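To keep things clear, I will list the structure first and then write my remarks on it.
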Amino acid sequence: MFTDSNSTGYIGYAISLWLVTAAVIFFLDVRTYRRTGQNKEWKVSIILGWINLAVGLILLILNQMTEWLGSR
Amino acid sequence: MSQPPREITMMQAITVIVSSIIGVGVLALPLFAVQAANSGAPLVTLLGSLLATFGLSLIAMLGMRFPDQSIILYSEVIIGKWLALLGNLAIFFFFAMLTSLTAREFGEVVVTSVLKNTPVEVTVIVMLVLAAISSRNNITTFAYIHFFYFPLLLVPALIIVALSLKTAETIYLQPIYGNAPTNLLQGTLVIAALFQPAFVMSIIIPYMKNPQKAIHSSLWGLLIAGGLYVMIVIAAVSRFGSEEILKLLWPFLELAKATSLPANILERIDAAFLAVWVTAVFTTLLTSYFMTIYSLTAMLKLKDHKMFSIFFLPVIFILAMQPKSIISMYSTITIFGKIGLVLTIGYPGILLLIAILRKKKGGTVDPYH
């Protein structure tokens, strides 16, 4: 019981997290910083949002390709 | 977001320290102590607490010397911008790892003891999301959260310890130095590593109403947390004996299972205890998550940390899922714990020494700059 963790493979969860967090950053933090006039924080949050979105999409594509290649 | 005013009282600082320390490690604490010194487990726990107290005192003294700055900023004043950057990055990475390992340990306990069919990923994500959302608040609210949950953590632990002593065998605690213990120093370091979340004092002090009370807060906080830890180890060892504890992964959880309220009002209190323990894990995780994002915010000279609370969630999750099993997880925790002592005790010690030698002191500087 203690040698195998109760894990189902975490990559799907990770991809979802990256995409969801990107959305939250864009729709919450970016808008809030623009409204409050915090320019430096606004710029940084845009960069962070794009990083998360890019990582999420790249991993999603790679994961789908891996599954497709594995099923052939 | 403007800089929050100084609103944290000495009492709140104490509760931040205690609720940050009491967390996921409390379940395995007696095992670590017994592995080091068998029946001398209470002694090694005491020694670990004293070492942690020394470390936190260094942080408090530094904070009192630089009352308007966190460690991220006054380290730049003391050792220069580029050397301080190395130290600050080390703080950031260490607390990111600590957050991930804490979340993973929580997840493993939950899927082993309570939700046996739930993937560990789900339990880890739930707790991390909770910490991420809560860490979006400012530092004053952060302290209020700890202050609010403090009695909820302390009282049940004391109740379990007190009730378990009615079936205690004091012979199990002898000899108090342990049977020819060979790992006393290792054990002391492992126990001291459990107190590392108290490092949060280094960012709390600039927001205290009276920063000169930081040393009082630190000593009281470690007295309460350390005292509780020693009592937990005494209760576990006197109930089970050191040999039996070596066969238990989470002895304090087993102690809660073996304890019941008088007249069997509640035959097993481990269910209620686990609910309280979840709160304890949350406060510890909140502290380490807050330290992670706050340190980066301060390094980048930003005025707000909210964006990082969401940004790092997937990264922390990935780190949390790296250990392949509970065994490798605890191995990683032990290694990182010992490395962390260099950072949480050694680094503040060096900073304090250099600050004294170079006659560096703080002034009335905005903590965010």
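Using a cutoff of 8 angstrom between alpha carbon atoms and counting only pairs six or more residues apart, the relative contact order for the range B:10-357 works out to 42 percent.
Between B:THR334, B:THR45, B:THR188, the residue with the greatest mean-square fluctuation in the GNM of chain B (Cα pairs under 10 Å linked by springs) is B:THR334. Using alpha carbons only, how many degrees (0 to 90, rounded to 10) separate the axis of helix A:11-24 from the longest principal axis of chain A? Here the helix axis deviates by roughly 10 degrees.
The calculated FRET efficiency for B:VAL114 paired with B:LEU165, based on their beta-carbon distance and R0 = 25 Å, is about 0.40.
The smallest convex shape that holds all Cα atoms of the range B:10-357, its convex hull, gives 125 Å³ per residue. Applying 1/(1 + (r/R0)^6) with r as the Cβ-Cβ distance of B:ASN183 and B:LEU85 and R0 = 30 angstrom yields a FRET efficiency of 0.25. Peptide B:300-312 is shielded by partner chain Cβ atoms: per residue, an average of 6 of them sit within 10 Å of its Cβ. Summing charges over all other residues whose Cβ lies under 10 Å from the Cβ of B:LEU351, with Lys and Arg as +1 and Asp and Glu as -1, gives +2.
Our helix-only sum for chain B, with -39,500 (n - 2.57) per DSSP H run of n ≥ 4 divided by its residues, gives a mean residue ellipticity at 222 nm of -22500 deg cm²/dmol. Each other residue within a Cβ distance under 14 Å of B:ARG104 adds +1 if Lys or Arg and -1 if Asp or Glu, for a net charge of -2. Other residues lying with their Cβ under 14 Å from the Cβ of A:TRP50 contribute a combined charge of 0, Lys and Arg counting +1, Asp and Glu -1. Summarising the label geometry, the points placed 7 Å from Cα in the beta-carbon direction at B:MET11 and B:VAL129 lie 3.5 nm from one another.
Helices in chain B that qualify as membrane-span-like (whole DSSP H runs, Cα extent of at least 18 Å along the helix axis, mean Kyte-Doolittle hydropathy of 0.0 or higher) are B:41-65, B:81-113, B:120-134, B:139-164, B:214-240, B:270-299, B:326-341.
The mean sequence separation of alpha-carbon pairs under 8 Å and at least six residues apart, normalised by the residue count of chain A, gives a relative contact order of 38 percent.
Between B:MET64 and A:TRP68, the simple spin-label model (points 7 angstrom out along Cα→Cβ) gives 6.6 nm. I'd like the projected area of the protein assembly as shown, averaged over all directions, using the convex hull of its alpha carbons. Report it in nm² with one decimal. Value for the protein assembly as shown: 22.5 nm². Along the Cα-to-Cβ line of A:ASN39, 7 Å from the Cα, sits a label point; which residues in the range B:292-315 have backbone N less than 18 Å from it? Only B:301-304 fall inside the zone, counting backbone N under 18 Å. Among B:TYR289, B:ILE350, B:PHE273, whose Cα projects farthest towards the positive end of the dipole of chain B, with charges put on the beta-carbon of Lys, Arg (+1) and Asp, Glu (-1)? So the residue we want is B:ILE350. Modelled spin labels at A:ILE47 and B:VAL278, positioned 7 Å past Cα toward Cβ, are 3.9 nm from each other.
The alpha carbon convex hull volume per residue for the range B:273-334 rounds to 114 Å³.
Considering only alpha-carbon pairs that sit under 8 angstrom and 6 or more positions apart, the relative contact order computed for the range B:245-358 is 9 percent.
The stretch between B:LEU158 and B:LEU300 holds 46.9 nm of extra length on full extension. This uses 0.36 nm per residue minus the Cα-Cα distance.
Where a number appears in this text, it was derived from the coordinates with a stated rule and is not lab data. Everything numeric here is computed off the predicted structure, so don't read it as measured data. Note that we place each Cβ from the backbone using ideal geometry, even for glycine, and neighbour counts take in every protein chain shown.
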